[in-house]
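Student: One structure, pasted below without further comment.
What follows draws every value from the coordinates through simple rules; no lab data is involved. Quick caveat: nothing in here was measured; it's all calculated off a predicted structure. All Cβ positions, glycine included, derive from the backbone under ideal geometry; neighbour counts span all protein chains shown.
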Amino acid sequence: MLNKFKDVFFDFQFLKFLLVGVLNTIFGYGIFASLIYLGLHYALAIALATVIGVMFNFKTVGYFVFSSKDNRKIIKFILVYIVIYILNTIGVKIISEFGQNYYISGLLMLIPLALISYCLNLKFVFN
């Protein structure tokens with residue numbers, strides 16, 4: 001199990017995913033934080049940031065990480081992001097119940113969701 005994790009973590013494709021993920025995260029979190037600032041409910045802010053981010057992320061992840069220009073994969077990509085949305089919403093809710101605000105809760109969810117997103121995209125979308 002540890003060797004498998006080490007192989008994935010040091011894989012060049014995974015490193016590209018992390019670099020592209022930083023760009024996507026800044027974009028998506030910026031939208032999320034802006035919507036929270038404007039007074040939207042955290043679940044709606046996550047949903048809108050996810051919908052807007054999916055289109056941006058599909059191109060950056062697909063092309064730069066997985067070398068794919070196949071737009072037919074968008075449906076599977078959207079399904080992965082639905083899973084990520086559900087996990088993110090549940091995680092933000094749980095973390096906020098421990099006294100964290102939604103900004104911090106959203107930040108704390110970034111790393112686990114990035115790992116899950118990479119694995120799901122690798123296995124189900126860009127395999």
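Student: When region 28-48 is examined, which residues are found to be part of a helix (DSSP H, G or I) and either buried (at least 16 other Cβ atoms within 10 Å of the Cβ) or in contact with a Ser or Thr (Cβ under 8 Å, 6 or more places away or on another chain) (or both)?
Tutor: Passing the criteria: 28, 29, 31, 32, 33, 35, 36, 42, 43, 45, 46, 47.
Student: Something else now. Which of the residues that make up region 20-36 are among the aliphatic types (A, V, I, L, M) and free of Cβ contacts under 8 Å to residues at least 40 places away in the same chain?
Tutor: 22, 23, 26, 31, 35
Student: For region 82-92, indicate whether the set of residues that are of a type in the set (Val, Ile, Thr), under 20 Å from residue 21 (Cα atoms) and out of contact with any helix residue (DSSP H, G or I) (no Cβ under 9 Å at 6 or more places or on another chain) is non-empty.
Tutor: yes
Student: Quick check: anything in region 49-70 farther than 25 Å from residue 127 by Cβ, in contact with a Phe, Trp or Tyr (Cβ under 8 Å, 6 or more places away or on another chain) and in a helix (DSSP H, G or I)?
Tutor: Among the residues of region 49-70, at least one is farther than 25 Å from residue 127 by Cβ, in contact with a Phe, Trp or Tyr (Cβ under 8 Å, 6 or more places away or on another chain) and in a helix (DSSP H, G or I), which makes the answer yes.
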